[in-house]
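**Q** Pasting a structure below so you can have a look.
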Amino acid sequence: MSKETLEIHEEKHGDVLLLRVSGPVDSATVNQFKSTLTPVFKTKGARIVIDAGDLSYMNSNAIGLLMMFRRQLYINGGRLALAGVSARITKTLETMKANNLKMYDTVNEALAALS
């Protein structure tokens, strides 16, 4: 059980929605992650950047949700990018064959790519 809390803050940057995620997405917080993000990812044509700079951990369920959200966005004509992903989380994504997510070093690079 995690002692850290998950926080998700939304910011609008033109037509791109920036989601700043901090804390862990683990067994204690994955349902919060899913319930908060599901409505956002159902928006047709949405362009979403997830700022993962303060994301401390993602379990396999959270990565599976990201892949599902990415597919949902693609079907609805939207796009997803991750920014500031730590080496630890990048390695987990690669291990789970989920490294086809678009990843950028900075939020500004990700916002520019989706603008």
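**Q** Hey, among the residues in the stretch 60-80 that are buried (at least 18 other Cβ atoms within 10 Å of the Cβ) and of a type outside the set (Lys, Arg), which one's nearest to the chain's Cα centre (by Cα)?
**A** Across the stretch 60-80, the extreme among qualifying residues is Leu66.
**Q** Can you find a residue that is more than 11 Å from the chain's Cα centre (by Cα), closer than 19 Å to His13 by Cβ and small (Gly, Ala, Ser) anywhere in the stretch 34-44?
**A** No.
**Q** Can you name the number of the only condition in (1) at pLDDT 95 or above; (2) within 24 Å of Thr95 (Cα to Cα) that Tyr74 fails?
**A** So the condition that Tyr74 fails would be (1).
**Q** Is it the case that the stretch 42-57 has a residue that's hydroxyl-bearing (Ser, Thr, Tyr) and part of a helix (DSSP H, G or I)?
**A** Among the residues of the stretch 42-57, not one is hydroxyl-bearing (Ser, Thr, Tyr) and part of a helix (DSSP H, G or I), which makes the answer no.
**Q** If you don't mind, there's one more thing I want to ask. Can you pull out the residues in the stretch 64-91 that are among the aliphatic types (A, V, I, L, M) and outside any loop (DSSP other than H, G, I, E, B)?
**A** Leu65, Leu66, Met67, Met68, Leu73, Ile75, Leu80, Ala81, Leu82, Ala83, Ala87, Ile89
**Q** Under 15 Å from the mean Cα position of the chain (by Cα) and either exposed (fewer than 14 other Cβ atoms within 10 Å of the Cβ) or assigned to a helix (DSSP H, G or I) (or both) - does that describe any residue in the stretch 95-104?
**A** So far as the stretch 95-104 goes, yes, one or more of its residues are under 15 Å from the mean Cα position of the chain (by Cα) and either exposed (fewer than 14 other Cβ atoms within 10 Å of the Cβ) or assigned to a helix (DSSP H, G or I) (or both).
**Q** Is at least one residue of the stretch 12-22 on the phi > 0 side of the Ramachandran plot, part of a loop (DSSP other than H, G, I, E, B) and of a type outside the set (Ser, Thr, Tyr)?
**A** Yes, some residue in the stretch 12-22 is on the phi > 0 side of the Ramachandran plot, part of a loop (DSSP other than H, G, I, E, B) and of a type outside the set (Ser, Thr, Tyr).
**Q** Pull up the stretch 34-59, narrow it to residues that are under 19 Å from Ala110 (Cβ atoms) and of a type outside the set (A, V, I, L, M), then point me to the one that is surrounded by the fewest Cβ atoms within 10 Å (Cβ to Cβ).
**A** Gly45
**Q** Ok, one more. What residue, of Val85, Val49, is in contact (Cβ under 8 Å) with a residue 60 or more places away in the chain and touching a strand residue (DSSP E or B) at 6+ places or on another chain (Cβ under 6 Å)?
**A** Every option except Val49 fails the conditions.
**Q** Do the conditions hold for Thr92, that is, is it surrounded by fewer than 16 Cβ atoms within 10 Å (Cβ to Cβ) and either in contact with a Gly (Cβ under 7 Å, 6 or more places away or on another chain) or in contact (Cβ under 8 Å) with a residue 24 or more places away in the chain (or both)?
**A** Considered against the rule, which asks whether it is surrounded by fewer than 16 Cβ atoms within 10 Å (Cβ to Cβ) and either in contact with a Gly (Cβ under 7 Å, 6 or more places away or on another chain) or in contact (Cβ under 8 Å) with a residue 24 or more places away in the chain (or both), Thr92 comes out as no.
**Q** Let me ask you something else. So which of Asn108, Asn61 is at pLDDT 95 or above and part of a helix (DSSP H, G or I)?
**A** Just one listed residue meets the conditions, Asn108.
The values are calculated or read from the model by the stated rules, or taken from the named source; none is laboratory data. Remember, it's a predicted structure, so these values are computed and weren't measured experimentally. No Cβ is skipped: glycine too gets one built from the backbone with ideal geometry, and neighbour counts run over all protein chains shown.
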